[in-house]
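Enquirer: This structure is in structure tokens; I'll ask about it shortly.
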Amino acid sequence: MVVWITGAPGAGKTTVAAKFKVLMPDAVILDGDEVRKWLTPDCGFSDEDRHKHAERILRVARLCKNAIVAVIAHPPEPVDLLVLVEGPARKPLWEGTIYTPPEHPDIVVRT
């Protein structure tokens, strides 16, 4: 099962992922910021690079029995559970990019 948690920078994705981990103790958490360091260090923050980053994370997540992904990007294809975290966002780390929430998340968490 792949749980994909998305939201603006600083909205609380990692915190929500930790709460899901309690419900899915055998799941692997793939945090977008941490994964970027070792899986996609070649990716910047352009729309194209963020899509590439999301594709690679999803490939790794699908290799796991259960995975919880906490990342700004939308999933590049359908996942088992899509969670939107809405909360006070901090200013994005990159210029000229605006986060757009997914249109039909399965769950919305307000932080």
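Enquirer: Inspect segment 9-18 for any residue being at pLDDT 95 or above and part of a loop (DSSP other than H, G, I, E, B) and give the result as yes or no.
Expert: Scanning segment 9-18, I find no residue that is at pLDDT 95 or above and part of a loop (DSSP other than H, G, I, E, B), so the answer is no.
Enquirer: To continue, here is another question. Could you pull out the residue among K21, K13, K65 that is in contact with a strand residue (DSSP E or B) (Cβ under 9 Å, 6 or more places away or on another chain), crowded, with 20+ Cβ neighbours inside 10 Å and among the basic types (K, R)?
Expert: K13
Enquirer: So, of the residues in segment 79-111 that are assigned to a loop (DSSP other than H, G, I, E, B) and modelled with pLDDT of 95 or more, which turns out to be surrounded by the most Cβ atoms within 10 Å (Cβ to Cβ)?
Expert: So, considering only residues that are assigned to a loop (DSSP other than H, G, I, E, B) and modelled with pLDDT of 95 or more, the one surrounded by the most Cβ atoms within 10 Å (Cβ to Cβ) is V79.
Enquirer: Has segment 56-69 got at least one residue that is in a strand (DSSP E or B) and within 18 Å of P9 (Cα to Cα)?
Expert: Yes, segment 56-69 has at least one match.
Enquirer: Within segment 34-62, count every residue that is surrounded by fewer than 21 Cβ atoms within 10 Å (Cβ to Cβ), among the β-branched types (V, I, T) and in contact (Cβ under 8 Å) with a residue 24 or more places away in the chain.
Expert: The qualifying residues number 2.
The values are calculated or read from the model by the stated rules, or taken from the named source; none is laboratory data. As the structure is a computational prediction, the values presented were derived from the model and not from experiment. No Cβ is skipped: glycine too gets one built from the backbone with ideal geometry, and neighbour counts run over all protein chains shown.
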